[in-house]
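Peer 1: Structure provided below as structure tokens; questions to follow.
The values are calculated or read from the model by the stated rules, or taken from the named source; none is laboratory data. Treat the numbers as computed from the prediction; the structure is a model and nothing was measured. Counting neighbours? That spans all protein chains shown, and the Cβs are built from the backbone with ideal geometry, glycine included. Surface areas here come from the heavy atoms of the whole protein model, side chains and all, with no ligands, DNA or RNA. Shrake-Rupley method; radii C 1.70, N 1.55, O 1.52, S 1.80 Å.
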Amino acid sequence: MISRSVTIISILLIAFGLAHAVSVPTENLPAGFKLLGVIDTNTTGVNVSEEINDFYGARDIGIVKDVSIGKYIWGEMGVDYDAKITILSLENDGYARAAYENYRSRDEFRNPPIKGIDRFANVTINDHDALEIRDKVMDLRGTSIRFLYLWTNSSRVVLVEGNDSRESSMALASATGM
């Protein structure tokens with residue numbers, strides 16, 4: 001389902017033009033993905049801190065220097081959930097690793113998403129070690145597994161929240177170029 005933040009993003013993009021951040025992919029997207037909107041630390045009317053709340057936790061992540069968030073539709077608008085890419089730029093690689101660990105350590109990730117399915121797997125995205133996170137989603141089509149990818153690249157943390165296709169989700173993650 002379309003979230004309230006996507007609606008706000010769409011309205012902002014219409015009102016202020018299609019100026020968007022350079023960090024998240026906006027064109028040449030994998031087949032089936034379409035850009036809904038991009039928000040960053042300069043987007044008026046959006047509390048970016050709420051969008052990145054899951055990166056805060058027991059480990060200090062320092063000052064977040066920049067945030068870029070791309071929201072994408074991959075299925076039927078209003079029926080399927082959105083895909084999302086979040087890129088945080090932090091002060092150094094230590095803080096990036098702390099943000100990575102905070103996200104990975106979320107309480108909801110303590111148990112398997114569905115009985116018999118592992119929560120985590122190690123993968124490679126753009127020559128970086130990444131964590132594949134399998135998350136249970138319920139939409140109008142029923143219950144499925146959504147594939148998320150999390151990794152660091154120097155002082156940046158990249159989170160790609162894909163769809164129920166591992167191949168498509170990995171292609172979206174690769175589209176970041178990071």
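Peer 1: Which number in (1) open to solvent by 10 Å² or more (accessible area, probe 1.4 Å); (2) more than 26 Å from Ser49 (Cβ to Cβ); (3) not β-branched (Val, Ile, Thr) marks the one condition that Arg146 misses?
Peer 2: (2)
Peer 1: Ok, one more. Having 1 or more residues that are within 25 Å of Asn163 (Cα to Cα) and at pLDDT below 95 is the bar; report the strands (runs of 3 or more DSSP E) wholly within the range 1-115 that clear it.
Peer 2: Working: elements: 34-40, 64-73, 83-90.
Result: 34-40.
Peer 1: Hey, does the range 151-174 have a residue that's assigned to a helix (DSSP H, G or I), open to solvent by 60 Å² or more (accessible area, probe 1.4 Å), within 25 Å of Leu35 (Cβ to Cβ) and touching an Asp or Glu at 6+ places or on another chain (Cβ under 9 Å)? Spell out the reasoning first.
Peer 2: Filtering the range 151-174 for residues assigned to a helix (DSSP H, G or I) gives 166-174.
Adding the requirement that they be open to solvent by 60 Å² or more (accessible area, probe 1.4 Å) leaves 166-167.
Then keep just the ones that are within 25 Å of Leu35 (Cβ to Cβ); that gives 166-167.
Now narrow it down to the ones that are touching an Asp or Glu at 6+ places or on another chain (Cβ under 9 Å): 166.
Yes, the conditions are met somewhere in the range 151-174.
Peer 1: What do you reckon, is Leu88 open to solvent by less than 20 Å² (accessible area, probe 1.4 Å) and hydrophobic (A, V, I, L, M, F, W, C)? Spell out how you get there, then give the answer.
Peer 2: Values: open to solvent by less than 20 Å² (accessible area, probe 1.4 Å): yes; hydrophobic (A, V, I, L, M, F, W, C): yes.
Yes: the conditions hold for Leu88.
Peer 1: Right, here's the next one. Name the residues in the range 133-177 that are in contact with a strand residue (DSSP E or B) (Cβ under 7 Å, 6 or more places away or on another chain) and of a type in the set (Ser, Thr, Tyr), would you?
Peer 2: Answer for the range 133-177, where residues must be in contact with a strand residue (DSSP E or B) (Cβ under 7 Å, 6 or more places away or on another chain) and of a type in the set (Ser, Thr, Tyr): Thr143, Ser144, Tyr149, Ser155, Ser169, Ser174, Thr176.
Peer 1: Which of the residues belonging to the range 138-150 are part of a strand (DSSP E or B) and farther than 20 Å from Gly116 by Cβ? Outline the logic, then answer.
Peer 2: Looking only at the range 138-150, we keep the residues that are part of a strand (DSSP E or B), and these are 138-139, 142-150.
The answer is Asp139, Tyr149, Leu150.
Peer 1: While we're on this one: Mind listing just one residue for me: the one in the range 133-143 that is in contact with a Lys or Arg (Cβ under 7 Å, 6 or more places away or on another chain) and either of a type outside the set (Val, Ile, Thr) or closer than 20 Å to Ser174 by Cα (or both) and, of those, surrounded by the fewest Cβ atoms within 10 Å (Cβ to Cβ)? I'd like the intermediate steps shown before the answer.
Peer 2: Quick first cut of the range 133-143, residues in contact with a Lys or Arg (Cβ under 7 Å, 6 or more places away or on another chain) only: 133-135, 137, 143.
Next, only the ones that are either of a type outside the set (Val, Ile, Thr) or closer than 20 Å to Ser174 by Cα (or both) stay: 133-135.
On the way: Ile133: 21, Arg134: 18, Asp135: 16.
Applying the filter and picking the extreme gives Asp135.
Peer 1: Another question, then. If I ask for residues that are open to solvent by less than 60 Å² (accessible area, probe 1.4 Å) and out of contact with any strand residue (DSSP E or B) (no Cβ under 7 Å at 6 or more places or on another chain), which ones from the range 121-132 would you list?
Peer 2: Asn126
Peer 1: Would you confirm whether any residue within the range 97-120 is within 22 Å of Thr152 (Cβ to Cβ), open to solvent by less than 30 Å² (accessible area, probe 1.4 Å) and of a type in the set (D, E, K, R)?
Peer 2: Yes, that holds for at least one residue.
Peer 1: Is it fair to say Asp118 is in a loop (DSSP other than H, G, I, E, B), among the charged types (D, E, K, R) and at pLDDT 95 or above?
Peer 2: Values: in a loop (DSSP other than H, G, I, E, B): yes; among the charged types (D, E, K, R): yes; at pLDDT 95 or above: yes.
It is true that Asp118 is in a loop (DSSP other than H, G, I, E, B), among the charged types (D, E, K, R) and at pLDDT 95 or above.
Peer 1: For the range 31-50, how many residues meet the condition of being in contact (Cβ under 8 Å) with a residue 24 or more places away in the chain, surrounded by fewer than 19 Cβ atoms within 10 Å (Cβ to Cβ) and either among the polar types (S, T, N, Q) or under 16 Å from Val157 (Cβ atoms) (or both)?
Peer 2: Residues meeting the conditions: 2.
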